[in-house]
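The next block holds one structure in the form of structure tokens; read it before the comments.
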Amino acid sequence: MSPNGSDRSSRRPMRRKLPQVLTAGLILATATGCTYKDFPRLGMPTPVTEEAPRILSLWQGSWAAALATGVLVWGLILWSVIFHRRSRTKVEVPLQTRYNMPIEALYTVVPLIIVSVLFYFTARDESKLLELEDKPAHTINVVGYQWSWGFNYVENVPGAGNANARTSKDLEAIPDKFRKDFPAKANGVYDVGVPGDRNPQNGNPGPTLWLPKGEKVRFVLTSRDVIHSFWVVPFLMKQDVIPGHTNAFEVTPNKEGTFMGKCAELCGVDHSRMLFNVKVVSPERYKQHLEDLAKKNQKGYIPAGIEQTPHEKNRETNNL
């Protein structure tokens, strides 16, 4: 058999498989359970806070930039494959170009421009998302520990006793720059979880953190042992919970419901069990929940965690 005949016969099985491959790809793309309404989010969940659309916009913009770059690169690859493929009749080595200064300058400058633009938008949005108001409507100290979560509701709660968040020894791990924004004489209540807890409404594992809809909440994040990460999935952001260092961010929930949260930092053998729920309710129902915790005698605060070193405290205070 001629070499050309052999080449044609070897290509036939591949051509026969091409429709099967395309069909499998189509099934894979359409069997994910996503609808046309989900596609613009590019895998992100539906945002449930006022701040989350900013993150979604950054995510979508990054994908658009990556897709544009990919189309350009794929186009150049296909162009070179089609128009610079080896001729069947000519076997000489094509002209070799050793240097092309305009092209070399182009592939040096263009990546720098792309990275600079991505850095600008990322820095802009990060600064906005981590901006803290002087007096947030609500403050919750989220305490991470192996292998669950505790929540100190730093509020003035009727019937919660005489504890004071600004002077409480249990909250000494929190730096003064955060404690000064606590409500005056906030007696507070707490909720503490274990991996075996279940949400009574939906049966999801982990303790349940309650939040009021339409009101800004500051999360003050502390750890008792190792590094964890506080991630409420539809908030579209997460932040590390670090022993000896306090992080904080603020959100305004705008949709009622119960949402999934988890630890997003590999923190040990039972990391996968560090789950929790976030229940967003009306402000009235939120206040009632805090009063219910007080009636259960969950008054005051649980220990926040490992205190920052004086050097680190002073350095951060000086940067305010």
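In the chain, the calculated helix contribution to ellipticity at 222 nm averages -12500 deg cm²/dmol per residue, counting -39,500 (n - 2.57) for every DSSP H run with n ≥ 4.
Checking the Cα-Cα distances for 128/255; 180/255; 216/238 against a 23 Å cut-off, the pairs over it are 180/255.
Note on region 168-225 and region 79-107: Cα centroid distance 63 Å, given to the nearest whole angstrom. Helix 3-30 and the longest principal axis of the Cα set of the chain meet at an angle near 20°. Ordering 155, 291, 172, 131 by accessible surface, largest first, gives 131, 172, 291, 155; the 1.4 Å probe counts only protein heavy atoms, with every chain in place.
Given contacts defined as C-alpha pairs under 8 Å and at least six residues apart, what's the relative contact order of the chain, whole-number percent? Once normalised by length, the contact order is 20 percent.
With each label modelled as a point 7 angstrom along the Cα→C-beta vector, the residue 50-residue 227 pair spans 3.2 nm. Each residue of the chain gets 218 Å³ once the volume of the Cα convex hull is shared out per residue. Modelled this way, with points 7 Å down the Cα-to-C-beta line, the labels at residue 89 and residue 256 are 7.9 nm from one another. Shown here: region 210-320, whose C-alpha atoms stretch 42, 31, 29 Å along the first, second and third principal axes, sorted largest to smallest. Taking label points 7 Å from Cα along the Cα-to-Cβ direction, residue 67 and residue 121 give a separation of 1.2 nm.
Note on residue 114/residue 282: beta-carbon distance plugged into 1/(1 + (r/R0)^6) with R0 of 56 Å gives a FRET efficiency of 0.80. Solvent exposure of residue 145, expressed as accessible area, is near 30 Å², computed with a probe of 1.4 Å over the protein chains only.
For the chain, the longest principal axis of the Cα atoms and the long axis of helix 52-83 meet at an angle of about 10 degrees. Kindly state, to the nearest 0.05, the FRET efficiency for residue 103 paired with residue 60, given R0 = 30 Å and r defined as their beta-carbon distance. Using R0 = 30 Å, I get an efficiency of 0.45.
The values are calculated or read from the model by the stated rules, or taken from the named source; none is laboratory data. Every value quoted in this text rests on a predicted model; they were computed, and no experiment measured them. We place every Cβ from the backbone using ideal geometry, glycine too, and count neighbours over all the protein chains shown. We work out accessible area using only protein heavy atoms, side chains counted, and drop any ligands, DNA or RNA first. Shrake-Rupley method; radii C 1.70, N 1.55, O 1.52, S 1.80 Å.
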